[in-house]
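Report on one structure; see the data block that follows.
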Amino acid sequence: TACSSKYVLSQMHPMWQGPLAVPGGDRQSPIDIVVRKSVFDSELKPLVTDYDPHTCQQIWNNGYSFLVEYDDTTDKSTLRGGPLRDKFRLCQFHFHWGESNAWGSEHTVDRRLFPAELHLVHWNSDKYSLFEEAVMEENGLAVIGVFLKVGKRHEGLQKLVDALPAIRHKDSVVEFNRFDPACLLPVNTDDYWTYHGSLTTPPLTESVSWIVMKQHIEVSHDQLAVFRSLLFTSAEEDVQKSMVNNFRVQQSPCGRTVRSSFT
Ligand SMILES: COc1ccc(/C(C)=C/C(=O)O)cc1
Ligand SMILES: [Zn+2]
């Protein structure tokens, strides 16, 4: 199986120029969360997020998604608790989405696809001093995944949506301040699944404690349409390509157990 071979061909998204094989890839992400196979762990604690909206710095189009980046030079926006033993610093959040509402998420729940998925990326500031260091370490990163469904307009998201036209092209960046990412978390953050996996874009390192929220958030069709108005391509390129379907193909669980914080 894909897990036994030393190198696993991570079927890369066609847009990538990344590595075709990931050394020893037996903890790759995303995966399908098979609810009936997940194991309730009573030791799992509630998540404790403490985000300072003033640490928000910029929003930019990196040619694969758009990233909202935070100042992570101090422990001002942090994540603790849940499955984590250490304190983790928020460095950025981004999304993955489809060209239609029928698909777009990276993780699935019993094979159910969502139109989009939010990733809040944090790194272990108790153990490491730089994000780049933590990216390479087994206990280096913690990513909160939140599923998006199409429904009512998300008032908190609108400030972000209004900034997107300014970063339509790859490598464009605009200043973006005072955005509280807590507004993107679901009401209930106590119920989640957690497993050890990887980044889903290069360098694909297996350094992530994934925390996938059971409860989704709702955004409007029009808000999601603005995500799809972004471009993978830079302003100079002749052919412009819509930024859609920027999700990785699902990876083998390789015998991993997904734990749940709820029964
Ligand atoms: C060191 O360069 C990096 C590039 C991307 C990433 C992330 C955070 C990827 C992902 O979200 O899957 C980390 C490091
Ligand atoms: Zn992601």
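The values are calculated or read from the model by the stated rules, or taken from the named source; none is laboratory data. Predicted model, so just to flag it, every value in this text is computed and none were measured. FYI the Cβ positions are ideal-geometry reconstructions off the backbone, even for glycines, and counts take in every protein chain you see. Quick note on the areas: whole protein, heavy atoms, side chains included, nothing else; ligands and nucleic acids left out. Shrake-Rupley method; radii C 1.70, N 1.55, O 1.52, S 1.80 Å.
Return yes or no: is H54 out of contact with any Asp or Glu (no Cβ under 7 Å at 6 or more places or on another chain) and either within 15 Å of ligand 2 (Cβ to nearest atom) or under 25 Å from E237 (Cβ atoms) (or both)?
no
When the range 200-210 is examined, which residues are found to be open to solvent by 30 Å² or more (accessible area, probe 1.4 Å) and near ligand 1 (Cβ under 8 Å from one of its atoms)?
Within the range 200-210, T201, P202, P203 meet the criteria.
Residue by residue, here is whether (1) open to solvent by 30 Å² or more (accessible area, probe 1.4 Å); (2) within 16 Å of ligand 2 (Cβ to nearest atom); (3) in contact with an Asp or Glu (Cβ under 6 Å, 6 or more places away or on another chain) holds:
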site: D72; (1), (2), (3): yes, no, no
site: D75; (1), (2), (3): yes, no, no
site: R80; (1), (2), (3): yes, no, no
site: L84; (1), (2), (3): no, no, no
site: R112; (1), (2), (3): yes, no, no
site: V121; (1), (2), (3): no, yes, no
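Only one of (1) touching a Lys or Arg at 6+ places or on another chain (Cβ under 9 Å); (2) at positive phi fails for G104. Which number is that?
For G104, the failing item is (1).
For P53, are the conditions met, namely being under 22 Å from N188 (Cα atoms) and either touching a Phe, Trp or Tyr at 6+ places or on another chain (Cβ under 7 Å) or open to solvent by less than 10 Å² (accessible area, probe 1.4 Å) (or both)?
So P53 fits the description; yes.
Restricting to the range 102-131, give me the number of residues that are among the aliphatic types (A, V, I, L, M), in a loop (DSSP other than H, G, I, E, B) and either within 13 Å of ligand 1 (Cβ to nearest atom) or in contact with a strand residue (DSSP E or B) (Cβ under 9 Å, 6 or more places away or on another chain) (or both).
Number satisfying all stated conditions: 1.
Are any residues in the range 123-168 crowded, with 19+ Cβ neighbours inside 10 Å and either at pLDDT below 95 or aromatic (F, W, Y) (or both), and if so, which ones?
W123, Y128, F147
List the strands (runs of 3 or more DSSP E) inside the range 60-101, counting only whole elements, that have at least 2 residues being within 12 Å of ligand 1 (Cβ to nearest atom).
Correct list: 66-70, 88-97.
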